[in-house]
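Take a look at this one; I'll ask things after.
Every number in this text was worked out from the coordinates using simple rules, so none of it is lab data. Small disclaimer: the values here were computed from a predicted structure and weren't measured. Positions of Cβ are generated from backbone atoms using ideal geometry, with glycine treated the same way; all protein chains shown enter the neighbour counts.
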Amino acid sequence: MKDKTGTPDIYEDLRHRLITGQFVPGQKLKPDELRGAYNCSINTVREVLLRLSSAGLVGFQDQRGFRARDSSVRHQHELTQMRILLEQEGAVLSMRRGGLAWEARLTAAHHKLSHIESQIALSGQVEPVLDVWCAAEWEFHETLLSDCGSDLMRRTFASIYDQFRQQLVTRERNYGYFPENVAEHQRIVDAALARDEALCRQRIHEHLSRNLLPGAETDAPAARASGAAW
């Protein structure tokens, strides 16, 4: 275990482990074991776990303690709906507000992610590069809406994104990697750089819609291209 004894460090380390598949869905999180692993007080661990519970990554019940959030097809569907809404609106606002610097950041983030995902496609293995891939995946999608002009939107997106990734990134689901990701990310970038709002909304929806329940599509596809509602 890394030498992390401060509350912010412990929180970030546990959050990272929760969204990169290092805990089995529903796994019991025992404060006494975590206290020893992080070399801190049990009160510090409980404080961190309660914060992670508020963030939607940990479940808590009286008399039953803390557990990693269990997987749920319905919950994944609802998170996907919310993520599509936020990412579409944030991307459109960034396209309207962002300039050359935003385009450069988006292109650089996409280049990094594309390289990593191309290597995964060649090797067929996600786990050896899981951390670097997850970090690059977050950087790309966060950059897409980074010039939206709303700190609230970005914070909300970060929270939904973490919960979405926790549901998706499990060993049984190949850690959320899909071979189609490379082409789908490229199409999102192309639409964003072309400043084509309707097409960018559509590409984001296409990229994420595989995580929706069959027959229960979100109401936020490209048809909502008339203007940002945020």
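Compute the long axis of helix 197-208 from its Cα atoms, compare it with the longest principal axis of the Cα atoms of the chain, and write down the angle in degrees, 0 to 90, nearest 10.
Compared with the principal axis, the helix lies near 40 degrees.
GNM on the chain, C-alpha springs below 10 Å: top fluctuator among Asp62, Asp190, Asp162?
Asp62
Continuing with this model, one more query. Helix 100-123: angle to the longest alpha-carbon principal axis of the chain, degrees 0 to 90, nearest 10?
70
Relative to the longest principal Cα axis of the chain, at what angle does helix 130-144 sit, 0 to 90 degrees, rounded to 10?
On a 0 to 90 degree scale, this one is about 40.
Under the rule a/c < 1.5 gives rounded, and otherwise a/b versus b/c splits prolate from oblate, where does the chain land using the Cα gyration tensor?
Working: a/c = 1.80, a/b = 1.70, b/c = 1.06.
Verdict is prolate for the chain.
Taking neighbour counts of Cβ atoms within 10 Å as a proxy for exposure, in what order, fewest first, do Lys28, Lys112 appear?
Values: Lys28 12, Lys112 17.
Starting with the residue having the fewest Cβ neighbours, the order is Lys28, Lys112.
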